[in-house]
Amino acid sequence: MDGARTDTPLLMVDIDGVISLHGVPPGGAVQTRLCTVDGFVVCLSLTAAELLRELAAAYELVWASGWEERADEHLPHLLGLPRGLAHLHFERAVGRANAHWKLAAIEAHAAGRPLAWIDDSLDGTCEAWAAARSAPTLLVRTDPRVGLTSAEARTLSAWAQVRGG
């Protein structure tokens, strides 16, 4: 991949449940924007977008979502996120209840590099995979009603600093 920063960890970013929220968050927990994406109304977290822009200083961001290339088609325009981020392509059907269907694509893209993965659907299979990787790996779960918050971003920032990002 051109421009890859191999000296920094990867941040695998899911969209649904991290940036695209499941409903409107209660009590103004995060700032949001209702948008139409491919004919569907989605509640996008402006808070998550801001935090991802900050995390991009310490990580190489990669879309790890069933949105695949559509992430770059929509999210930079709607949320001011960077254009041209790498995205994963999945061989299996997307939309599974657990994130383990993403593991082969994540491992192939990571190629032994340290990585953090933020997703609302991490499961025991993901945890076992992360524990078995030879490269440092951090899994961060989100509540799909509020997505990425400053609490998860602090965890990700601290981990990246330890990794040299």
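The values are calculated or read from the model by the stated rules, or taken from the named source; none is laboratory data. These numbers come from a predicted model, not from an experiment. Cβ coordinates were reconstructed from backbone atoms using ideal geometry, including for glycine residues, and neighbour counts include every protein chain displayed.
Does Val62 satisfy the criteria of being outside any helix (DSSP H, G or I), surrounded by 14 or more Cβ atoms within 10 Å (Cβ to Cβ), in contact (Cβ under 8 Å) with a residue 40 or more places away in the chain and over 16 Å from the mean Cα position of the chain (by Cα)? Against the criterion (outside any helix (DSSP H, G or I), surrounded by 14 or more Cβ atoms within 10 Å (Cβ to Cβ), in contact (Cβ under 8 Å) with a residue 40 or more places away in the chain and over 16 Å from the mean Cα position of the chain (by Cα)), Val62 does not qualify.
Modelled with pLDDT under 95 and surrounded by 12 or more Cβ atoms within 10 Å (Cβ to Cβ): which single residue out of Arg53, Arg33 fits that description? Talk me through it step by step, then tell me what you get.
On the way: Arg53 fails: modelled with pLDDT under 95.
Within the list Arg53, Arg33, the selection yields Arg33.
Within the range 21-59, being within 26 Å of Leu10 (Cα to Cα), assigned to a helix (DSSP H, G or I) and small (Gly, Ala, Ser) holds for Ala48, Ala49. Close contacts from the range 90-116, counting a first residue that is farther than 16 Å from Glu60 by Cβ and surrounded by 13 or more Cβ atoms within 10 Å (Cβ to Cβ) and a second that is modelled with pLDDT of 95 or more and acidic (Asp, Glu), with Cβ to Cβ under 9 Å and a gap of 6+ residues or different chains, come to Ala99/Asp14; Ala99/Asp119; Ala99/Asp120; Lys102/Asp14; Lys102/Asp119.
Per the conditions (1) modelled with pLDDT under 95; (2) among the aromatic types (Phe, Trp, Tyr); (3) surrounded by 18 or more Cβ atoms within 10 Å (Cβ to Cβ), the sole criterion not satisfied by Phe40 is (3).
Would you be able to say whether some residue in the range 121-136 is under 15 Å from the mean Cα position of the chain (by Cα), of a type in the set (Gly, Ala, Ser) and surrounded by 14 or more Cβ atoms within 10 Å (Cβ to Cβ)? Don't jump to the end; show me each part of the working.
Looking only at the range 121-136, we keep the residues that are under 15 Å from the mean Cα position of the chain (by Cα), and these are 121-122, 126.
After this cut, where a residue has to be of a type in the set (Gly, Ala, Ser) as well, the list is 121.
Retained after the next criterion (residues that are surrounded by 14 or more Cβ atoms within 10 Å (Cβ to Cβ)): 121.
Checked against the condition, which is being under 15 Å from the mean Cα position of the chain (by Cα), of a type in the set (Gly, Ala, Ser) and surrounded by 14 or more Cβ atoms within 10 Å (Cβ to Cβ), the range 121-136 yields at least one hit.
Please work out if Thr8 is among the hydroxyl-bearing types (Ser, Thr, Tyr), part of a loop (DSSP other than H, G, I, E, B), at pLDDT below 95 and over 19 Å from Arg141 (Cα atoms). Yes; evaluated as a whole, the condition is true for this residue.
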